[in-house]
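Visitor: Sharing a structure, written as structure tokens. Questions coming.
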């Protein structure tokens with residue numbers, strides 16, 4: 001990448017050669033001197049050596065690198081434009097003695113903006129090497145936030161003042177005297193690019209802190225100030241003097257000292273140094289300071305860097321089994337130490353003695369007691385001084401005294417074989433009294449005591465006792481054993497003395513109804529235990545309070561016999577009979593029905609009605625044309641054509657079982673037909689009444705037959721317009737005077753079949 005012309009190259013090389021002989025320190029005018037303070041002299045420091053950054057992560061606006069093992073650098077660019085190049089552009093211009101890393105990766109910048117350079121710790125005399133600031137056509141000024149000092153004047157550079165410099169394809173190395181954490185410099189004009197390398201004064205020459213001390217130590221740290229004519233130190237606490245380039249510091253706590261240097265020309269410069277004083281570790285031994293006979297305790301001192309016990313142990317905790325004084329010295333991470341001690345005593349505890357019986361009877365108990373201690377743990381789970389036991393076995397207790405010492409004792413309890421009281425009884429029911437026989441089934445007993453629960457008692461083995469009242473009695477039996485392990489049993493007996501007469505009685509929830517009729521009977525008898533019912537219709541029951549359904553009408557007698565079969569007395573019974581107790585009526589339903597003849601025809605139409613209703617006493621007819629009737633079998637004439645709905649309502653108000661009213665409907669159809677049959681005609685050719693001219697207006701399927709008195713057909717027609725002229729089939733010989741019979745069939749206007757027959761007279 002060529003940023004210069006051949007002639008410029010020669011000029012720069014010439015200036016570089018001359019620059020080697022120039023004074024290598026051009027001081028900025030920020031201050032007339034630079035005071036520095038250290039806590040000692042590092043013989044490894046080389047003030048001519050510069051240490052340079054090695055880059056790690058670089059982005060357009062951030063770069064991170066490392067200068068030494070404990071110092072890192074972070075670059076931020078406000079407008080971006082950062083990058084890297086594998087070598088420093090034209091790095092051969094830089095004199096070798098400054099060690100600029102011209103053949104390693106360096107940072108580049110191509111934008112105008114604010115650079116911010118920050119170090120991980122405050123550093124002395126940070127420096128920057130610039131290559132190619134600007135170019136012959138673009139002059140780039142750079143303004144710094146702190147005063148700089150030119151280490152190497154370089155090429156094509158103008159140093160305007162102590163914070164501004166300008167490059168036209170310029171090369172330079174500058175430093176910022178004093179101690180700095182962050183520095184900024186402003187690229188005021190963007191250009192193609194500029195290479196940069198960042199460094200500091202030899203890391204062995206960085207701020208040398210005084211060696212740390214611990215509280216209470218005599219530090220005698222020597223502090224050195226250089227770079228000025230006279231010096232003044234503050235604060236005065238812990239210093240042997242407050243003037244001069246060298247002071248001795250003995251602070252009791254960490255203290256930062258400031259030195260103000262006065263230059264020869266009257267200017268001032270300030271630097272500071274911190275003298276660290278670390279606190280002592282808090283050594284405090286924890287753990288019990290007493291031992292029980294044969295026991296041990298654990299002593300612990302907490303978490304520190306190192307330990308030194310009087311036992312020679314170097315651990316945080318130790319276990320001790322003997323008495324005496326134990327001490328430990330601990331050291332923290334700052335190397336400060338402290339010491340603590342503890343005096344361990346030894347106690348002894350007398351073994352406990354368990355008091356209480358060594359044997360117990362079956363079902364009995366005894367209390368074991370171990371005396372007064374601080375705490376107790378029995379093997380049966382009790383934590384009290386005493387415990388009550390009811391079974392044989394070995395019982396162990398561990399006691400702890402006020403010093404925390406423990407001891408254990410045991411006691412074995414045996415179980416004595418004793419009496420076992422038991423009995424059963426005979427019959428517990430009687431008439432006026434009951435004598436109960438008690439059967440003693442006890443074992444291991446030699447004598448007995450009975451309490452019968454009614455104030456009486458006995459010492460017999462298996463006594464009998466007479467009770468005069470019913471009720472519950474608690475009978476007690478005590479069986480006595482030779483070894484004193486007696487036993488008691490209490491048993492409740494229930495006595496029933498029967499002396500009441502059986503009385504049979506009952507009631508029914510209803511006694512009159514319609515078949516089928518269900519009756520619920522309630523048994524109100526006294527002292528009955530079983531029952532027999534007779535319902536009067538051949539059915540019986542042994543239920544206490546049965547229900548029964550009567551299927552047929554009639555009057556029924558009901559009988560109940562009550563028994564007491566459980567009575568110890570002679571069996572008793574009682575009978576209750578109620579004559580004609582239940583009455584059942586037949587269930588009858590009123591049904592309305594009728595027939596009509598005819599159901600249709602031509603008006604006027606006379607219809608005959610036949611009433612076929614059952615279980616009814618009165619009737620109401622509605623003929624559908626506004627006429628009503630109440631007779632049994634009426635006849636009605638329909639004058640007008642139409643469809644009529646006939647309603648028959650049948651009623652039986654006196655019927656209490658079943659339905660007492662019903663109704664039925666029937667349709668009658670009446671047509672408006674026109675039909676006329678003359679009874680005489682005279683076919684004599686006079687032009688009057690010469691044809692049998694019947695009228696059947698509106699009929700279809702017209703068919704007319706005429707027969708003589710001997711049944712001979714004389715005329716037949718299916719055409720209403722074809723009339724009979726009195727001759728055989730209208731074409732043969734003339735028929736004689738006399739009476740003839742006609743038959744007519746057809747369909748009326750409702751297309752219902754219609755027929756009519758009658759007689760006619762022929763006169764010539």
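The values are calculated or read from the model by the stated rules, or taken from the named source; none is laboratory data. Quick caveat: nothing in here was measured; it's all calculated off a predicted structure. Note that each Cβ is placed from the backbone with ideal geometry, even for glycine, and that neighbours are counted across all protein chains shown.
Visitor: Among the residues that make up the stretch 161-172, is at least one of them modelled with pLDDT of 95 or more and within 21 Å of residue 202 (Cβ to Cβ)?
Guide: Yes - at least one qualifying residue is present in the stretch 161-172.
Visitor: Among the residues of the stretch 652-664, is there at least one that is assigned by TED's automatic domain parsing to the domain that holds residue 610, touching a strand residue (DSSP E or B) at 6+ places or on another chain (Cβ under 6 Å), farther than 30 Å from residue 600 by Cβ and not in a strand (DSSP E or B)?
Guide: Initial filter on the stretch 652-664 (assigned by TED's automatic domain parsing to the domain that holds residue 610): 652-664.
This time we only want the ones that are touching a strand residue (DSSP E or B) at 6+ places or on another chain (Cβ under 6 Å), so: 657, 661-664.
Then drop every residue that is not farther than 30 Å from residue 600 by Cβ, which leaves 657.
Still in the running and not in a strand (DSSP E or B): 657.
Yes, the conditions are met somewhere in the stretch 652-664.
Visitor: Quick one: would you say residue 388 is under 30 Å from residue 451 (Cβ atoms) and assigned to a strand (DSSP E or B)? Step through it out loud before you land on a result.
Guide: On the way: under 30 Å from residue 451 (Cβ atoms): yes; assigned to a strand (DSSP E or B): yes.
Yes, satisfied.
Visitor: If the requirement is being exposed (fewer than 14 other Cβ atoms within 10 Å of the Cβ) and under 17 Å from residue 749 (Cα atoms), which of these qualifies: 645, 695?
Guide: Details: 645 fails: under 17 Å from residue 749 (Cα atoms).
It is 695.
Visitor: Out of all the residues in the stretch 482-499, is one or more within 28 Å of residue 430 (Cα to Cα), without any contact (Cβ under 8 Å) to a residue 40 or more places away in the chain and over 60 Å from the mean Cα position of the chain (by Cα)?
Guide: no
Visitor: Quick one: would you say residue 441 is in the same structural domain as residue 558 (by TED's automatic domain parsing), free of Cβ contacts under 8 Å to residues at least 40 places away in the same chain and touching a strand residue (DSSP E or B) at 6+ places or on another chain (Cβ under 7 Å)?
Guide: On the way: in the same structural domain as residue 558 (by TED's automatic domain parsing): no; free of Cβ contacts under 8 Å to residues at least 40 places away in the same chain: yes; touching a strand residue (DSSP E or B) at 6+ places or on another chain (Cβ under 7 Å): yes.
Criteria not met by residue 441.
Visitor: Identify, from the list 308, 303, the residue that is out of contact with any helix residue (DSSP H, G or I) (no Cβ under 6 Å at 6 or more places or on another chain), assigned to a loop (DSSP other than H, G, I, E, B), closer than 30 Å to residue 276 by Cβ and modelled with pLDDT of 90 or more.
Guide: On the way: 308 fails: assigned to a loop (DSSP other than H, G, I, E, B).
When all the criteria are applied, what remains is 303.
Visitor: For the stretch 277-323, name all the residues that are out of contact with any strand residue (DSSP E or B) (no Cβ under 7 Å at 6 or more places or on another chain) and closer than 30 Å to residue 236 by Cβ.
Guide: Matches in the stretch 277-323: 279 only.
Visitor: Given 690, 721, which one is in a loop (DSSP other than H, G, I, E, B) and either surrounded by 15 or more Cβ atoms within 10 Å (Cβ to Cβ) or assigned by TED's automatic domain parsing to the domain that holds residue 600 (or both)?
Guide: Working: 721 fails: either surrounded by 15 or more Cβ atoms within 10 Å (Cβ to Cβ) or assigned by TED's automatic domain parsing to the domain that holds residue 600 (or both).
It is 690.
Visitor: With respect to residue 410, is the statement that it is touching a strand residue (DSSP E or B) at 6+ places or on another chain (Cβ under 6 Å), at pLDDT 90 or above, exposed (fewer than 12 other Cβ atoms within 10 Å of the Cβ) and not assigned by TED's automatic domain parsing to the domain that holds residue 457 true?
Guide: On the way: touching a strand residue (DSSP E or B) at 6+ places or on another chain (Cβ under 6 Å): yes; at pLDDT 90 or above: yes; exposed (fewer than 12 other Cβ atoms within 10 Å of the Cβ): yes; not assigned by TED's automatic domain parsing to the domain that holds residue 457: yes.
Yes: the conditions hold for residue 410.
Visitor: Residue 363 versus (1) modelled with pLDDT of 90 or more; (2) more than 16 Å from residue 412 (Cβ to Cβ): which is the lone unmet condition?
Guide: Condition (1) is where residue 363 drops out.
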